Amino acid sequence: MADEKRKRILSGIQPTGTPTLGNYIGAVRNWALLQSDYDCLYMVADLHSLTVRQNPAELRRRTRELSALLLAVGIDPKEHVLFVQSHVPAHTQLSWVLACNTQFGELSRMTQFKDKSAKHPDNVNGGLFTYPVLMAADILIYNADLVPVGQDQTQHLEIARDIAGRFNNIYGDTFTLPEGYVPASGAKIMSLAEPAKKMSKSDTNVNSFILMTDDKDTIIRKCKRAVTDSDGCVRFDREQKPGVSNLMTIYGTFTGKSMDEIAAEFEGKGYGDFKLAVAEVTADALTPVQAEYGRILADKTYVDAVLKSGAERAAHLADRTVSKVYRKVGLLQLDK
Ligand code: ATP
Ligand code: LTN
């Protein structure tokens, strides 16, 4: 964190499974790209993942693997801060105060809560309901200016802004109002099997997603199976041709080509050629990340040292905010 005046970024990803191409294009890839212009804090949101039942041993393993993957994508732990959410207890401390300043009605409107309640009707727990409050705490505790996320998180970002604005009105200027950074293209990569649904790492259909760790053959196979339409023409139309448009978005991300350029490139060619081309550019983008990932994950001591240092640096910033907030709301603080 070299320059004090640079704006600050905070973002997080849950260790609920191996990240997909959706996570990569919608979020993580941008995390790496934004590092040159911002001071960044990137977090593995392990506490958020507890809102859905997790296998404890698997959660521990995935938390370390995801940290290694973020390093492999190019997060620089010297210039920026990479940490695990539960290693910085201040997040949950702030979360309680914010929960007491958030209305039941506001939380009831969250679409993710409605979706996940429907998906796990046997476990509609309190954490699932207050999920956005903890996310607001994650962001506000660092006074983040910018939060790079995919489209599905924009509602949570809005509520974080509302909570911050309300708190500032009642207790005086305390929190920065965060802005979202949602990529113009690729903010919602769709499922390859059901292009009306978002690609999600916790989908039960393995053909619905490409994992960041999938090898080239798997990527080719999954792209070939991707649901398209019978029109046979590579043309961007989200409504009428969601499957093809989704593949075009992926192709555009990795080639830098516009939708018109892609349509021209594949004019008169069949979907077979197009799908293979999508698979090729995707594999070319992921292969170097995978090689780095293997190398980094083999050095558990290094990964853990990065996380330890990250947690210390994050806690230093976060503790100051909690202290300030506790004082503002009237919690008695004794002299140190
Ligand atoms: P889960 O399936 O467990 O709910 P997820 O795949 O939605 O997880 P998260 O950890 O919740 O992943 O999200 C991490 C980041 O990736 C967030 O910024 C989210 O908006 C983004 N993201 C997730 N899925 C997609 C997608 N299909 N397209 C673009 N961005 C996405
Ligand atoms: N809810 C986010 C993960 C997350 C997050 C954050 C993102 C937890 N805390 C703070 C941005 C800022 C998700 O992707 N499901």
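The values are calculated or read from the model by the stated rules, or taken from the named source; none is laboratory data. Since we're looking at a predicted model, the values are computed, not measured. Cβ placement follows ideal geometry from the backbone for every residue including glycine, while neighbour counts extend to all protein chains displayed. SASA here: full protein model, heavy atoms, side chains in, ligands and nucleic acids out. Shrake-Rupley method; radii C 1.70, N 1.55, O 1.52, S 1.80 Å.
So for segment 121-136 (the condition being in contact (Cβ under 8 Å) with a residue 40 or more places away in the chain, more than 23 Å from CYS100 (Cβ to Cβ) and within 12 Å of ligand 1 (Cβ to nearest atom)), does at least one residue qualify? There is no residue in segment 121-136 that is in contact (Cβ under 8 Å) with a residue 40 or more places away in the chain, more than 23 Å from CYS100 (Cβ to Cβ) and within 12 Å of ligand 1 (Cβ to nearest atom). Given the condition open to solvent by less than 60 Å² (accessible area, probe 1.4 Å), among the hydrophobic types (A, V, I, L, M, F, W, C) and assigned to a helix (DSSP H, G or I), answer yes or no: does some residue in segment 221-235 qualify? For segment 221-235, residues open to solvent by less than 60 Å² (accessible area, probe 1.4 Å), among the hydrophobic types (A, V, I, L, M, F, W, C) and assigned to a helix (DSSP H, G or I): present.
Exactly one residue out of SER86, SER36, SER67 is within 14 Å of ligand 2 (Cβ to nearest atom) and small (Gly, Ala, Ser), and it is SER86.
Restricting attention to segment 124-146, the residues that are within 18 Å of VAL322 (Cβ to Cβ) and open to solvent by 40 Å² or more (accessible area, probe 1.4 Å) total 2.
All conditions in (1) among the polar types (S, T, N, Q); (2) without any contact (Cβ under 8 Å) to a residue 40 or more places away in the chain; (3) more than 30 Å from ARG60 (Cβ to Cβ) hold for THR301, with the sole exception of (3).
Selection within segment 147-173: residues that are part of a loop (DSSP other than H, G, I, E, B) and surrounded by fewer than 17 Cβ atoms within 10 Å (Cβ to Cβ). The member of this set that is nearest to ligand 1 (Cβ to nearest atom) is ASP173.
When VAL133 is tested against (1) more than 30 Å from PRO288 (Cα to Cα); (2) assigned to a loop (DSSP other than H, G, I, E, B), exactly one condition is not met: (2).
Just a yes or no: is a residue in segment 98-105 modelled with pLDDT of 95 or more, in contact with a helix residue (DSSP H, G or I) (Cβ under 6 Å, 6 or more places away or on another chain) and assigned to a helix (DSSP H, G or I)? Within segment 98-105 (the criterion being modelled with pLDDT of 95 or more, in contact with a helix residue (DSSP H, G or I) (Cβ under 6 Å, 6 or more places away or on another chain) and assigned to a helix (DSSP H, G or I)), the answer is yes, since at least one residue qualifies. Count of segment 12-44 residues, restricted to those that are surrounded by 21 or more Cβ atoms within 10 Å (Cβ to Cβ), small (Gly, Ala, Ser) and under 26 Å from MET248 (Cβ atoms), is 3. When segment 45-85 is filtered for residues that are among the polar types (S, T, N, Q), open to solvent by 10 Å² or more (accessible area, probe 1.4 Å) and assigned to a helix (DSSP H, G or I), only THR63 remains.
Of all the residues in segment 98-123, those that are hydrophobic (A, V, I, L, M, F, W, C), out of contact with any Ser or Thr (no Cβ under 9 Å at 6 or more places or on another chain) and surrounded by fewer than 18 Cβ atoms within 10 Å (Cβ to Cβ) number 3.
Of the residues making up segment 14-30, those that are in contact (Cβ under 8 Å) with a residue 40 or more places away in the chain and near ligand 2 (Cβ under 10 Å from one of its atoms) number 4.
Pairing residues of segment 262-278 that are over 15 Å from THR249 (Cβ atoms) with residues that are modelled with pLDDT under 95, at Cβ distances under 8 Å and at least 6 apart in sequence or on separate chains, gives GLY270/GLY232; TYR271/GLY232. Sub-7 Å Cβ pairs linking a first residue in segment 187-210 that is hydroxyl-bearing (Ser, Thr, Tyr) to a second residue that is more than 11 Å from ligand 1 (Cβ to nearest atom), at least 6 apart or interchain, are SER208/ALA193; SER208/GLU194, ordered by first then second residue.
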